[in-house]
Structure formats: C-alpha cells, structure tokens
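Laboratory data are not the source of any read-out in this text; all were calculated from the coordinates shown. Note that the structure is a prediction, hence the values are computed from the model and not measured. Cβ placement follows ideal geometry from the backbone for every residue including glycine, while neighbour counts extend to all protein chains displayed.
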Amino acid sequence: MFKQCSNKNCVCGDKLQIIDNFYKNNKTGKFSSWCKDCNRKENKRQREKNKEAVKLRDKKRKTYFKDYIKRWKKEFAKYETFFNQINKFHNVRRDPQNLELIQIQCTFCKKWINPTNQEIQNRILSITGKKSGDNNIYCSSNCKQKCPIFNRRKFMKTIDNKKFRQDQNDLRSLVLKRDNYLCVKCGNPAKICHHIEGIEINPIESSDIDICISLCENCHNQIHNTVGCRRIDYACN
C-alpha cells in the first residue's frame, strides 16, 4: 500500500501517477512537478535546443570572420605590420599622407603606391616559397601587362612558346658545339646556352648564335646573381 498523498499529477496533465514516478529534492524534501518521463523528454529537448543555439552561434562567428577577412584583405597595409617582412626585398616607406600606412614601389614603373593587405601577404608568401608565382606588386593593370616578368614562367608570353622552344633547343646545340661543349669562363663542361643580351631585351635576335655563349651551371648562376644582370634588373627597368 502507498502512504497518504502517494499519488501525484504531473504538470503535463497526464493521469494520476504514483509518487515514485517523480524526482525528490533531497534538500527540501519536495517532489518535482514533472514526472520522470517528462523530465527526460524536457532535458532532451533542452539539449537539442542548446545544440541548435551552438550551431547558430558558430555559423554567425564563421560568417563574421569571413566578412572580416574580406574587409581586411581590401584594406591598405599597415607599416608596422609588414615592414620587417618586406623591407629586405623591396623599397618601402611610410605614406607621407598617412604615417600608419606602408608604401612600396611599383615593380615596373617604380611609382610609390599603397598596397592592400592581400597584395603584401601574397608577395611575402611567394618570397618564402609558400605560394607559386612571383605575385609582384603593380600600380595598375597597365604596368602589369607591360612588365616582361608578369605572369611569366619559363618562356615569354609574347612569343609562340612551341616554336620558341624548338628554336632555342636548336640554338643551344649550335652554341655548345661551337664552344666544344666547354664553359667559356672556367673551361668546365658546359650545358647551358647563355644570351649575352637578354631575350626580353632583344627577342628578335634571340636566336642569333653570335649573342650566345656556353656556360656551366655555376658560372651561369654567378652571372644572374650579379647586380645589373639579375633577371628582374634587365626585365623591368
């Protein structure tokens, strides 16, 4: 037999239930207004509600972060943020009109410009080898198209690559044969045909044997590491 008041109605309006179907508060000695089944259902509903709230919060955070990144990429780069990362590779200065911003010279015309965060970031990633291409910084699309090294990989974009490859291969064979397959600088075996006048400077006569010499790899690297004969020196000045 049950004690007096051993039956209780759940707030859900279900039929009269025995008191054992309700949780008891050990501190107050009172029984819950919800039966155990309703408690479990309510707890499950709350957990699902919390999960949905967390998902919505995370979605809002991701959206905010994406929007923030988009805005940040389009903003002008700050001097203090990028100076130590870029000054070893480019001429940089503070913007005379806004000392917080950084200015860098256009790769082609050397005009001082305010690069965006994305432009500077892409250039740094290229320098460190974390991104393909040079990602040089230009003041306009006009300078980009005029610059001989813009978007260039191995061969000039203004020349028919297929024909250019064949012509240069034939030229290389003739030059190496003329120099007895020896480097004209050190006398070691040569494998490289070097243009005395850069192809970008004189593309019309690039297949002329008289402006080419045979070099070994070491001598070829030394020549192109010399200031004034670096690829960027004769390509963009």
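What is the sum of charges, Lys and Arg at +1 and Asp and Glu at -1, for the other residues whose Cβ falls under 15 Å from the Cβ of residue 185? Show your work: numbers first, answer last.
Numbers: positive: 191; negative: 179, 217.
Result for the neighbourhood of residue 185: -1.
Say each of residue 18 and residue 131 gets a label point 7 Å from the Cα, pointing the same way as Cα to Cβ; how far apart are those two points in nm?
Taking the simple label geometry, residue 18 and residue 131 are separated by 7.2 nm.
Just going by the charge dipole of region 7-73, with Lys and Arg at +1 and Asp and Glu at -1 on Cβ, which of 31, 46, 18 is farthest out on the positive end?
46
Can you give me the Kirkwood hydrodynamic radius for region 7-73, using every pair of distinct Cα atoms, in Å to one decimal?
Working: mean 1/r = 0.0660 Å⁻¹.
Hydrodynamic radius (Kirkwood, Cα pairs) of region 7-73 is 15.1 Å.
Assuming 0.36 nm per residue, please report the length gained on full extension of the stretch residue 41 to residue 59 beyond their Cα-Cα distance. Working shown, then result.
Working: separation 18, 0.36 × 18 = 6.48 nm, distance 2.70 nm.
So the extension gain works out to 3.8 nm.
Calculate the translational D of region 1-125 in whole µm² s⁻¹ from Stokes-Einstein, where the hydrodynamic radius comes from the Kirkwood formula applied to all Cα pairs, the temperature is 10 °C and the viscosity 1.306 mPa s. Don't jump to the answer; show the numbers that get you there.
Values: Rh = 20.6 Å.
Estimated via Stokes-Einstein, D reaches 77 µm²/s.
All other residues with a Cβ under 9 Å from the Cβ of residue 101 taken together, and with Lys, Arg as +1 and Asp, Glu as -1, what is their net charge? Please list the in-between numbers first.
Working: positive: 78, 94; negative: 95, 100.
Surrounding charge for residue 101 is 0.
Which net charge results when you count Lys and Arg as +1 and Asp and Glu as -1 among the other residues whose beta-carbon is under 15 Å from that of residue 73?
Details: positive: 66, 70, 71, 74, 78, 123, 131; negative: 67, 75, 119.
Result for the neighbourhood of residue 73: +4.
Would you report the distance distribution of C-alpha pairs in region 79-146 as whole percents per 5 angstrom bin, up to the bin with the largest distance?
Going out from 0 Å in 5 Å bins, region 79-146 shows 3, 18, 29, 27, 17, 6, 1 percent.
For region 107-114, in order, what is each residue's ³J(HN,Hα) by Karplus, 6.51 cos²θ - 1.76 cosθ + 1.60 with θ = phi - 60°, in whole Hz (x at glycine and Pro)?
For region 107-114, the Karplus curve yields 4, 9, 9, 6, 6, 6, 9, 9 Hz.
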